[in-house]
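The values are calculated or read from the model by the stated rules, or taken from the named source; none is laboratory data. Quantities reported herein were computed from a predicted structural model and do not represent experimental measurements. Neighbour counts run over all protein chains shown; Cβ positions are idealised from the backbone, glycine included.
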Amino acid sequence: MKKNLPLIILLCTFFIFSFQSKKIVKSSKADNPNVTAGVALTFDDTFVNEWYDTDKQLRKYSWKATFCVSEINTLNSSEIAKLLALQKEGNEIAGHGFNHYDAKKFVAQYGIDAYLNQEIDPMLALMNFYSLNVTSFAYPFGFRNAIIDAALLKKFKIIRATTYGAEAPYEQNCYYNNTRVLYGIGMDTTHPSFSTAYLKKLLNYTREHHKILILFGHKTVNKKAPANYETEMKTLKLICNFVKQNNMKFYTLSELSKSKSSPFLK
Ligand SMILES: [Zn+2]
């Protein structure tokens, strides 16, 4: 054992240094001090009435969000009016599929042209008809592949998929990454990756490393025991308070696209 001691010390030192240098390279490469750290909140599906009420309650925090709407043809005129009001307030309205198809499965079966014809083009036509300015897209279920990404990036400035897991915040990929395909992490209470403690860790990391955290939820609710696909108001208030107290800001998805407003081009 004694004989091996110098070797063990050498190996330990090597391990510690290689681990640290990896960490330093990773964070320094990703950090951008010119970026105002922030949060991009996104909500999926058709919960327009709930989103509208939530917007009224959270306006005092100067919040904004991106509402990714599916099945636009099923909404009534009052819901369309609420979407227009949300858009006017500075929120973004994005696409989430005309039929809410699983893109990967549909394309594997019918091809990319059929997908665009049935899922994307009628959605854009109707949303544009309603004067909803749609330049971003969120994948239903987060299911995607590179072929669909390439086709959609011809029609949208930026697209959002999903990510899971509860790894250390520096290993997560739920931040704006200077590309046009982003990965959000769930904030619905029953989402497998969600806990308040983990959300706080992600927010702290976001603040310290000048990141922009991408989150996704569905129906916004005030009740205490939420069902699946429900984001609690207390979660949103926690995020709003954190953003306000730390001089961070809210971003919409299109603000993150490579345009003049991209924080990474400053
Ligand atoms: Zn959805």
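At-a-glance table
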item: Close pairs from segment 66-82: first farther than 14 Å from H100 by Cα, partner away from the ligand (no atom under 16 Å from the Cβ), Cβ under 6 Å, at least 6 apart; result: T66/E92; T66/T252; I80/Y130; K82/Y52
item: Hits in segment 67-78 - residues which are more than 14 Å from the ligand (Cβ to nearest atom) and crowded, with 20+ Cβ neighbours inside 10 Å; result: none
item: All positions within segment 196-220 that are of a type in the set (A, V, I, L, M, F, W, C) and in contact with a strand residue (DSSP E or B) (Cβ under 7 Å, 6 or more places away or on another chain); result: L202, L203, I212, L213, I214, L215, F216
item: Per-region count, segment 164-180, residues without any contact (Cβ under 8 Å) to a residue 60 or more places away in the chain, within 22 Å of K249 (Cβ to Cβ) and not in a loop (DSSP other than H, G, I, E, B); result: 1
item: P192 being buried (at least 18 other Cβ atoms within 10 Å of the Cβ) and assigned to a loop (DSSP other than H, G, I, E, B); result: no
item: Output for segment 58-78, where each listed residue is out of contact with any helix residue (DSSP H, G or I) (no Cβ under 7 Å at 6 or more places or on another chain) and either modelled with pLDDT under 95 or farther than 20 Å from E255 by Cα (or both); result: K60, E71, T74, N76, S77, S78
item: Which numbered condition T220 misses (of (1) buried (at least 18 other Cβ atoms within 10 Å of the Cβ); (2) at pLDDT 95 or above; (3) over 17 Å from the mean Cα position of the chain (by Cα)); result: (3)
item: Matching residues in segment 44-66 - criterion: being in contact with an Asp or Glu (Cβ under 7 Å, 6 or more places away or on another chain) and within 16 Å of the ligand (Cβ to nearest atom); result: T46, V48, T66
